[in-house]
1. Scan region B:32-39 and give yes if some residue there is open to solvent by 30 Å² or more (accessible area, probe 1.4 Å) and under 13 Å from residue B:214 (Cβ atoms), otherwise no.
2. Look through A:309, A:264, A:320, A:313 and report the one residue that is surrounded by 22 or more Cβ atoms within 10 Å (Cβ to Cβ) and in the same structural domain as residue A:193 (by TED's automatic domain parsing).
3. Quick one: how many residues across region B:144-172 are farther than 20 Å from residue B:205 by Cβ, within 13 Å of chain A (Cβ to nearest Cβ) and in a helix (DSSP H, G or I)?
4. Can you give me the number of residues within region B:190-228 that are over 12 Å from the mean Cα position of the chain (by Cα) and open to solvent by less than 10 Å² (accessible area, probe 1.4 Å)?
5. Could you tell me how many of the residues in region B:126-137 are open to solvent by less than 90 Å² (accessible area, probe 1.4 Å) and either in a loop (DSSP other than H, G, I, E, B) or touching an Asp or Glu at 6+ places or on another chain (Cβ under 7 Å) (or both)?
6. So in region A:411-436, with the set limited to residues that are open to solvent by 20 Å² or more (accessible area, probe 1.4 Å) and at the interface with chain B (Cβ under 9 Å from one of its Cβ atoms), which one is nearest to residue A:454 (Cα to Cα)?
7. Kindly provide the set of residues from region B:41-53 that are open to solvent by 40 Å² or more (accessible area, probe 1.4 Å) and either within 9 Å of chain A (Cβ to nearest Cβ) or modelled with pLDDT of 90 or more (or both), ordered by number.
8. Restricting to region A:437-461, give me the number of residues that are surrounded by 21 or more Cβ atoms within 10 Å (Cβ to Cβ) and in a helix (DSSP H, G or I).
Amino acid sequence: MSLALPTAFFVLGPIGFLLWMGLAQEGADFLERARALELPKVVGQVALLATLATAWAGGLAVPLAWLTVRTDLPGRRLMHWLAPLPLAIPPYIGAIVYQILLPPGGLLYSLWGAAWVLGLFTYPHLYLLVSAALERTNPSLEEAARGAGLTPRQVLVRVTLPLLRPALLAGGLIIFLYGWADFGVVSLLRVRTLTTIIYDYIQGTLDWALPAALSVLLTAITICVLLLQLRILGRAGYAQIVSGAKPPPTVALGIWRWPAFGYAAGVLTLSLLLPLGLLGFQASRLSAPAAVAFALGQWPYFVNSVWTAVTGASLALVIALGVGWLEGRRLTRPVSGLFQIGYAIPGTVLGLGMAGFVHATLPWIYATPLMLIVAYLVLYITPACQAVKAALAQLHPSLEEAARSLGRRPLATFWSVTLPLIKPGFMGGWILVFVLSMRELAATLIVRPPGFDTVPVRIWIYAMDVGPEPQAAALALALVLTIALPWLALLSLRSRGIYPSG
Amino acid sequence: MELLALEQVTKRYAADRPPAVDGLTLTVQQGEILTFLGPSGCGKTTTLRLIAGFEVPDSGRVVIRSETMAGPGRWVPPEERGIGVVFQDYALFPHLTVAENVGFGLHHLGRSARRERVRQILELVGLETFASRYPHALSGGQQQRVALARALAPAPALILLDEPFSNLDADLRAQMREEVERILRHTGTTAIFVTHDQEEAFTLADRVGVLNQGRLEQLDTPETVYHHPATRFVAEFVGATDFLPGAVTAEGIATELGVFPNPEGRDIGERVKVMLRPDDITFVPRPDGQGVIVRRYFRGSENLYCLRLPSGHLVHSSQGSATVYARGTRVRAEANLIHVVTFSQGA
């Protein structure tokens, strides 16, 4: 596979480079500097941040999912539709929103504030998985439990929730990893973590060794978490016999209906309505002429963002299609497992590793926009592969065999049967990678060529330098709306049952 | 004329498992309808896939019209074999209409010729009014007909059908079976069916091949397979069967139910097992009878009785459903064998 090789090159190269740089560090010297950085304390803080964010997101997502899917909550359909939308608001924009709302220097600028923001704007990852699992739950299992003499409350605790364990683990680990890897939120809220230390170092000095060593440490932690996830999920995948079209029965909430409604509405207000409203309000404080001038001034950054994200997403999907198709037919060794490393690397680390690696091996790419495209490719090839694989798995092999027996050669079969049938899943994967690339901040900050800013970079620089002023809010609102449209399209694909798992 | 020949075809999926198809040799004549019958895992579907070209044989040759399709140093891909396939799940293309599905294999024809052929073939299967529908809007029987029409459209020399009726309801199954046979006979298409349903195999086929563990146990007309099973496996798999021990004597084969002729010329003194079908056994109730009715199975048009003979052997007898005998009734059983089939004691 001619495209998989360079991809693997760009996945492994940066990590290899950082390992080499990091391990080249002299032991005693490193320990000395690590002590100066209070490294154990920082690692403990990040672990606490990731744990708090995960618990907070779980507290938001799980009750909300159960209420919208399995109860007679007022307005449940609308809420079920709205609940995944906060994913269109990148957490660093969420941080800006709460900066607008709360006075500077308060509790927001702490570990607790960062966990609050991270949980609020990542909980839809968990919501999507848990609500899908709840919708898939075979109602006969709960009926069997009732038949065995359990009360409805016992059924919930002993059957319904245990069946959600794989979804909870998968979603929880996504958020936990996000907490470790986050750069945007913690930098804006002035919380010291591994990513901000790495970033500050490479801004201030030309010294590679210490940031490289910290990157290796951070990557080792995230890869451990990812391996743990694979291990747990490999064991906890329950095979449920799929029932017919019968939807699971809903629970009558009784007097709890309105308190439950208040809870669900509160979650959506904090994570969706309030952010949009505040950004809109803050942006509207720009006078009309100033707004026009600002829009014209920011336009080039918009173009930068869109064309790099489009190119990255297209490239990722083409490679994923080739790899997925060949792997499905066992015509190539499995390489998509390798790509997962790219997914596990925090954006800051990937940016650093790629900058160093590409500078050393392919200097003609260094300091070109190509760097951004390659970074998006490495970071998001895994969701692309998952989307394509899920689509291909739905395709029964007898369809392709039928086309062959009717006289079509393998390539003609691919064009006339395979491609049309996987198109929805393929499109879904493209949108996902496009959205993720559009909002990428940490790696972009490091690998972008001088003068080639993207919208997230501009927002971050405004918010860091000037604070949550109308300009930052206006730009953030524009980015959110740009992401929200394709994200809505993706969600409508999901509701037709072809959302890629991942 | 010989259309298809398999010569010592062997296919193994994993080195540590027995071959799925083991040294299969057979020929199929032009216009013939053949059925592969066997339990699941016997290699019948693999055989079909080897003929179609979806699997590569490990050894042996697949020959169609004297041209080697697969064999040492030669491999013709499925798209060049000119074989129609009807899949168990029909494999209709969900993104194409009925007419587009049927016309899928006619890409070499011009637009008008293709439209004419599609119309003609849809008329043959009685679906001309469904041309612009999508497969999901059709019933199971209609989907089945589209799958057949699509396979027949390019006028293949040979058509392969993998358990084509297994997804249909019982009453629809019999109707579709008849209809498919009519269409195949009408077009003179050579066909190979795969089934585990013996009734289906017997009603459709000119010849039935019984497969077991990748080997062809017997390939004969349905009547021969039923009345003269070549092996004990065939005798047991096809139809209900009891075996009664017997000894070969000069007068014939002596058993508990009497002495039978010895047309197979077995040696005197040999111990054998005689095959008994339920329709070979009759009985009359007699208070001094040596047999006892152990159980009765009501089958609608017949009653099947299980009788215990004095030796303890159980045999089955099918009787009309008009009269009913109670369990425990003492009877005298008789065997009227038209075809005497025996197997060696050890077999």
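The values are calculated or read from the model by the stated rules, or taken from the named source; none is laboratory data. Predicted model only: the values in this text are computed from it and were never measured. With ideal geometry, Cβ positions are generated from the backbone for all residues, glycine too; neighbour counts draw on all protein chains shown. The area values use the complete protein model at the heavy-atom level, side chains included, leaving out ligands, DNA and RNA. Shrake-Rupley method; radii C 1.70, N 1.55, O 1.52, S 1.80 Å.
1. To start, the set of residues in region B:32-39 that are open to solvent by 30 Å² or more (accessible area, probe 1.4 Å) comprises B:39.
Right, trim to under 13 Å from residue B:214 (Cβ atoms) and you get B:39.
Within region B:32-39, one or more residues are open to solvent by 30 Å² or more (accessible area, probe 1.4 Å) and under 13 Å from residue B:214 (Cβ atoms).
2. Details: A:309 fails: in the same structural domain as residue A:193 (by TED's automatic domain parsing); A:320 fails: in the same structural domain as residue A:193 (by TED's automatic domain parsing); A:313 fails: in the same structural domain as residue A:193 (by TED's automatic domain parsing).
Testing whether each residue is surrounded by 22 or more Cβ atoms within 10 Å (Cβ to Cβ) and in the same structural domain as residue A:193 (by TED's automatic domain parsing) leaves just A:264.
3. Residues that pass the stated criteria total 3.
4. 3
5. 3
6. Checking each candidate, the answer is A:423.
7. Within region B:41-53, the subset open to solvent by 40 Å² or more (accessible area, probe 1.4 Å) is B:41, B:45, B:49.
B:45, B:49, listed by residue number.
8. Our first condition is that a residue be surrounded by 21 or more Cβ atoms within 10 Å (Cβ to Cβ); within region A:437-461, this holds for A:437-448, A:454-456, A:458-460.
Checking which are in a helix (DSSP H, G or I) leaves us with A:437-439, A:442-447, A:455-456, A:458-460.
So the count comes out to 14.
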